[in-house]
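In what follows, a structure is listed as structure tokens, so that the remarks can point back to it.
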Amino acid sequence: MVVLALAADAAAPKTSPRCALVIGNARYEATVGPLRNAVSDAKAVAKTLRGLGFFVIEEHNVTRDELLEAVAEFRGKLRGAEVALFYYAGHGISVTGSNYLIPVRSGYKPDDADEITLRLLAETKLFNAEQVVAEMSAAGGRCNLVILDACRTTPVARNPRTRDAATPGGLAEMKPPAGSLIAFATDAGRTAQDGAGSNGLYTEELLKHVRTPGLTIEQVFKRTRAGVMQRSDGGQIPAEYSRLVGDDIYLAGPATPPATELDRAPKAEQVQPQPPKASVINKLAAAGRAVECVEALKLTAASRGPGDYAAAPLDTLLELAKEDLKDVTEPSPKVEAVMKNCELALEVLRECMPPDHAQQPALTAKAQNRRGDCLLLLGRAEDALQAYNVAIPLAPTDAYPVYNRGRAQLALGRTEDAKADFTAAASSKFKQPKARQLAQAALAEMK
């Protein structure tokens, strides 16, 4: 009996006090419409949750079968969990009053189907969001959170029979079971903004507050809603439907208690090193010592807060990245090192420069453009495309990101999209003659 008990225990799925399933679907077929930020949203959420002690199952661009498998794996981890969290970024629609998440390559074509046929199509081609709610509730966890950033516009929701006639789009209200909270990126029947940066508007605001110690779950969502409303001028209003019970839960832990006089007393081991002078940081940047330069900038930020001091060394590092990539035509450790430096630069931009700094957009665009070049050289054209998509609106007078996006489109076999980008980059409105020449040469090769 002891042996059998041990064997049963070994066969039982391992559980975690905090467990999450994070899905990001972006690579949709044209009939549904690809998304720019859904995968980067999922990656950012998964990284944040891991930092908060969650066991995370993370999947991108999943089919219906793959989504079902992920949910089954998730269910096996939930027994007795303190907090279970399901996050989905991608397309979602309401069909005859129920909410469905759209997998990639679903084959869902509503056309002019009647309501019965629509419901059958949805149940066999899509994924009913109620299923994951039921799975989490049945596992008996203390707190279940379902977050759906899935209210984006999609052509398959344009058929009037795919939603109630009185609503313009989006998802329908959902009533959670006891111990659960269901959060929507925007209110029922409305669509959400995909975001102009590397993350969607809702997820970007959510990440700000989910990391903040001292906020209860309810406060996290209230502050997220306030931030989204402010940034969208009231055009997007997130909504939650909550039946949470019991004591408050702090995803990022309780607030740090006020320091006592004893805490404030100087201690030798707590003395913070002084940040290096600006001249030293600039020398590190000029020498291409990116990691040391970034650490020095972070040390300065910890001491002085965000400021102008980061602009010059970051610009130097990104110019060196440009030189390092010159004439490179294939993957190499050097390309990977340059990409890492670009990612470090983006990290410093977020931490060390004020969001409203005049050079913030241009430096971010430059870092994303260089990062896209690295990804393209490493054979990751889809990721490169996303990087260029972030860079282009941040540097509207720069032809290079537009030309480079054309190269990524061409690598993905999207010749018409590539041609459109090359044509745009060759326009006389841009003042970079080299980029225009490259675009014109690319167009000539396509003829």
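Values computed for the structure shown
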read-out	value
When residues of segment 240-252 are limited to those that are without any contact (Cβ under 8 Å) to a residue 60 or more places away in the chain and within 23 Å of the chain's Cα centre (by Cα), the one nearest to Val83 (Cα to Cα)	Tyr250
Residue tally, condition among the hydroxyl-bearing types (Ser, Thr, Tyr), buried (at least 17 other Cβ atoms within 10 Å of the Cβ) and outside any helix (DSSP H, G or I), over segment 33-69	0
Yes/no for Ala301 being closer than 27 Å to Leu85 by Cα, surrounded by 15 or more Cβ atoms within 10 Å (Cβ to Cβ), modelled with pLDDT of 80 or more and not charged (D, E, K, R)	no
Residue among Ala196, Ala178, Ala192, Ala157 that is surrounded by fewer than 17 Cβ atoms within 10 Å (Cβ to Cβ), modelled with pLDDT under 80 and among the small types (Gly, Ala, Ser)	Ala196
Given (1) within 12 Å of the chain's Cα centre (by Cα); (2) at pLDDT below 90, number of the condition Thr15 does not satisfy	(1)
Listing of helices (runs of 4 or more DSSP H) fully contained in segment 277-372 that carry 1 or more residues being free of Cβ contacts under 8 Å to residues at least 12 places away in the same chain and in contact with a helix residue (DSSP H, G or I) (Cβ under 8 Å, 6 or more places away or on another chain)	290-304, 333-352
Residue that is nearest to Lys340 (Cα to Cα) [pool: residues in segment 378-437 that are in contact (Cβ under 8 Å) with a residue 24 or more places away in the chain, in contact with a Pro (Cβ under 6 Å, 6 or more places away or on another chain) and not in a loop (DSSP other than H, G, I, E, B)]	Ala391
Qualifying residue in segment 167-174 (condition: part of a loop (DSSP other than H, G, I, E, B), buried (at least 18 other Cβ atoms within 10 Å of the Cβ) and modelled with pLDDT of 90 or more)	no
Tally of residues being charged (D, E, K, R) and part of a strand (DSSP E or B) across segment 137-150	1
Qualifying residues in segment 279-298 (those that are surrounded by fewer than 16 Cβ atoms within 10 Å (Cβ to Cβ) and aliphatic (A, V, I, L, M)) - the one farthest from Ala365 (Cα to Cα)	Val280
Candidates Ala72, Ala134, Ala84, Ala122 - the one that is under 21 Å from the mean Cα position of the chain (by Cα) and either part of a helix (DSSP H, G or I) or in the same structural domain as Gly24 (by TED's automatic domain parsing) (or both)	Ala84
Some residue of segment 65-88 being of a type outside the set (A, V, I, L, M, F, W, C), in contact with a strand residue (DSSP E or B) (Cβ under 6 Å, 6 or more places away or on another chain) and under 16 Å from Ile182 (Cβ atoms)	yes
Segment 368-378: number of residues that are among the charged types (D, E, K, R) and surrounded by fewer than 18 Cβ atoms within 10 Å (Cβ to Cβ)	0
Glu319, sole failed condition from (1) modelled with pLDDT of 85 or more; (2) among the charged types (D, E, K, R); (3) loosely packed, with under 11 Cβ neighbours inside 10 Å	(3)
Which listed residue, of Ala387, Ala399, Ala365, Ala381, is within 26 Å of Asn25 (Cβ to Cβ) and crowded, with 21+ Cβ neighbours inside 10 Å	Ala387
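The values are calculated or read from the model by the stated rules, or taken from the named source; none is laboratory data. This structure is a prediction, so every number in the text was calculated from the model and none was measured. Virtual Cβ from ideal backbone geometry, glycine too; neighbours counted across all protein chains shown.
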